[in-house]
Amino acid sequence: MSSGVIDGTAVLPERISRFPFPFPSDSYRYSTNVEPALKTVVTEAGAWGGRLLDIDEHYCHELTERDAVLTRDPTRLQVLPHMRPAVWDAISTLLPIMAAEHPDAMSFDRDGNACRWQNTLQDLDLEFTLGDDGSLPVEPLRFLGSQIQDDIALLDQREGALWLDAGLVTFAADWSFGFDVGMKFLEVHGPVPRVHQEQIITRAQQFLLRLQPGEKYRRANWTMTVDRRLDTSTETYPQWARDRATVAGDPALPDRLHLRVEVQHLIRLPHSGAVLFLVRTHLLSLSDIARVPAWRERLGRVLAELPEDMAEYKGISRYRSAASAWLLGT
């Protein structure tokens with residue numbers, strides 16, 4: 001891992017140099033924006049994207065937070081009965097990848113269905129049997145969610161459509177997994193403005209339906225969040241909604257307001273045929289974004305130009321003008 005350099009002098013911390021800044025231009029509209037996974041993206045601050053399962057300085061803290069969310073609200077983890085093989089498929093697919101990408105901290109060994117997983121970041125040395133729920137210390141999907149920072153969704157394919165039939169989602173951005181589980185992919189995205197008129201979600205589903213076993217793609221999505229709050233689910237709305245209305249007038253806005261970027265990986269699992277949807281959330285304050293001059297100006301212009309219906313859906317309409325003005329120095 002290396003830090004980024006601006007103008008050859010200012011060394012940036014990794015939270016900035018590895019941040020997946022999502023804007024290629026001064027305006028933003030919804031698009032499928034899917035590309036092959038594992039392609040490194042060079043930015044003005046550094047680079048990102050070379051790994052499927054990224055680990056950063058927040059690894060242990062975020063997994064502790066996930067466990068606390070699940071303890072408070074078990075509905076954030078749901079697996080419809082027919083999706084159990086897909087959960088084990090995800091485990092047997094992701095743990096070897098994680099060990100290969102982070103060999104200094106993790107290892108995975110398999111002999112038939114007998115597996116050994118070691119994670120030195122958690123002082124974990126675990127032997128288990130693939131397909132045997134009782135061989136794990138917790139429910140299989142909860143175990144997987146205790147090892148990776150990503151939220152997890154599993155889509156079943158039937159009747160010519162995709163269905164959200166399993167997942168572990170503790171860091172949702174203003175939506176409810178508990179409400180959406182069991183819905184069709186097209187229904188889950190029903191509230192998003194413009195995407196149906198422009199056939200974006202329909203095209204996205206057709207792309208996913210054509211995914212071949214083992215294929216891996218990714219896309220990025222973004223919104224904004226007040227403070228470093230990962231859990232902005234519909235269930236916790238009363239805890240964070242007021243901040244949206246008050247942060248615009250807060251002198252601490254540059255430190256409190258964060259650009260929230262989701263790097264979403266799309267993988268056709270090789271054995272079950274389910275589509276694995278990983279969502280890794282990254283947060284970076286406006287103060288940190290401003291340390292990269294190109295990012296400061298670009299985000300300021302994107303926020304100023306964003307159509308109101310999109311700003312309203314993203315929940316940023318009350319403070320985006322103040323954020324843009326600060327970024328652009330107006």
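Could you report the range 183-317's accessible area per residue, 1.4 Å probe, as an integer in Å²? Intermediate values should be presented prior to the final figure.
Numbers: 5560 Å² over 135 residues.
Computed with neighbouring chains in place, this is 41 Å² per residue.
Sorted on the mean count of surrounding Cβ atoms within 10 Å across their residues, most packed first, peptides 43-51, 57-65 read 43-51, 57-65. Applying a DSSP loop filter and a limit of 11 other Cβ atoms within 10 Å to the GluC sites (Glu not before Pro) in the range 146-255 leaves GLU159.
Go through ALA220, ALA241, ALA311 and say which Cα lies farthest out towards the positive end of the charge dipole of the range 179-312; charges sit on Cβ, +1 for Lys and Arg, -1 for Asp and Glu. My answer, from the dipole projection, is ALA220.
Using a probe of 1.4 angstrom, how much of the accessible area of the range 175-330 is carbon and sulfur, in percent?
Details: 3380 of 6610 Å².
That fraction is 51 percent.
Rank by packing, highest mean first: peptides 280-292, 77-89, with packing defined as the count of other Cβ atoms within 10 Å averaged across residues. Provide the component values of the computation, followed by the final result.
On the way: 280-292: 20.5, 77-89: 18.6.
By packing density, highest mean first, the sequence is 280-292, 77-89.
Entry comment: accessible area of the range 67-134 is 51 Å² per residue, from protein heavy atoms only and a probe of 1.4 Å. For THR43, the residues 5 or more places off, or on other chains, whose built amide H falls under 5 Å of its own are TRP48. Put a dot 7 Å past the Cα of GLU35, heading toward its Cβ, do the same for ASP104, and the two dots end up 2.6 nm apart.
What order do you get for 14-23, 245-254 when each peptide is scored by the mean count of other beta carbon atoms within 10 Å, highest first?
On the way: 14-23: 20.3, 245-254: 13.4.
Put in order of decreasing packing, that is 14-23, 245-254.
Over the residues of the chain, the helix contribution to mean residue ellipticity at 222 nm works out to -9000 deg cm²/dmol, using -39500 (n - 2.57) for each DSSP H run of at least 4.
The values are calculated or read from the model by the stated rules, or taken from the named source; none is laboratory data. In this text, all values refer to a predicted model and were calculated from it rather than measured experimentally. Every residue, glycine as well, gets a Cβ built from its backbone with ideal geometry; the counts of neighbours run over all protein chains shown. Each accessible area value is taken on the protein alone, full model and side chains, heavy atoms only, with ligands, DNA and RNA left out. Shrake-Rupley method; radii C 1.70, N 1.55, O 1.52, S 1.80 Å.
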